[in-house]
């Protein structure tokens with residue numbers, strides 16, 4: 001088992017998975033806002049290679065796989081998000097996102113969780 005797989009297993013036990021909002025306001029998200037058909041936890045963000053005004057987001061899904069979304073900002077606070085890759089295996093995720101950033105994010109979450117206990 002790789003370091004990343006081990007961290008996914010540990011982090012999945014305590015993070016809260018929800019359906020990402022597809023369109024809305026960063027400051028005022030509402031329960032009625034449209035949502036993506038995945039239950040996931042936000043991991044990291046990187047600039048899109050196709051459009052400098054958009055970003056790709058990596059999400060950890062409840063089943064231990066990942067999803068990739070694209071988010072663009074219409075204004076400073078209004079955004080639109082779309083699902084690019086609904087199912088990405090752990091072995092494939094490092095082709096799109098830097099492994100060290102994912103490991104760093106999960107390690108930080110784990111450390112904060114262990115500190116609060």
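For the chain, a Gaussian network of Cα nodes joined below 10 Å ranks 52, 67, 40 by mean-square fluctuation, and the top entry is 52.
Report, to the nearest 10°, how far helix 99-116 tilts away from the longest principal axis of the Cα atoms in the chain, using its own Cα long axis and a range of 0 to 90°. Helix 99-116 sits roughly 70 degrees off the main axis of the chain. Look at (i) 34, 28, 23; (ii) 47, 28, 19; (iii) 40, 32, 23: the one that is Cα extents along the principal axes in Å derived from this structure is (iii). Comparing 91, 107, 18 in a Gaussian network model of the chain, where Cα atoms under 10 Å apart are tied by springs, the biggest mean-square fluctuation is seen for 91. Estimated from helical segments only, the mean residue ellipticity of the chain at 222 nm is -8000 deg cm²/dmol, where each DSSP H run of four or more residues counts as -39500 (n - 2.57). The range 25-61 to the range 69-117: how many Å between their Cα centroids? Value for the Cα centre distance between the two parts: 9 Å.
Among 60, 36, 96, 6, which comes first, then next, by fewest other beta-carbon atoms within 10 Å?
Details: 60 24, 36 18, 96 15, 6 12.
The order, fewest Cβ neighbours first, is 6, 96, 36, 60.
For the options 26, 15, 43, a Gaussian network treatment of the chain with springs between C-alpha atoms closer than 10 Å singles out 26 as fluctuating the most.
Bear in mind these aren't lab numbers, they're just calculated from the coordinates by the rules spelled out. Here the structure is a predicted model, which means the values were calculated and not measured. Note: ideal-geometry Cβ built from the backbone for every residue, glycine included; neighbour counts use all protein chains shown.
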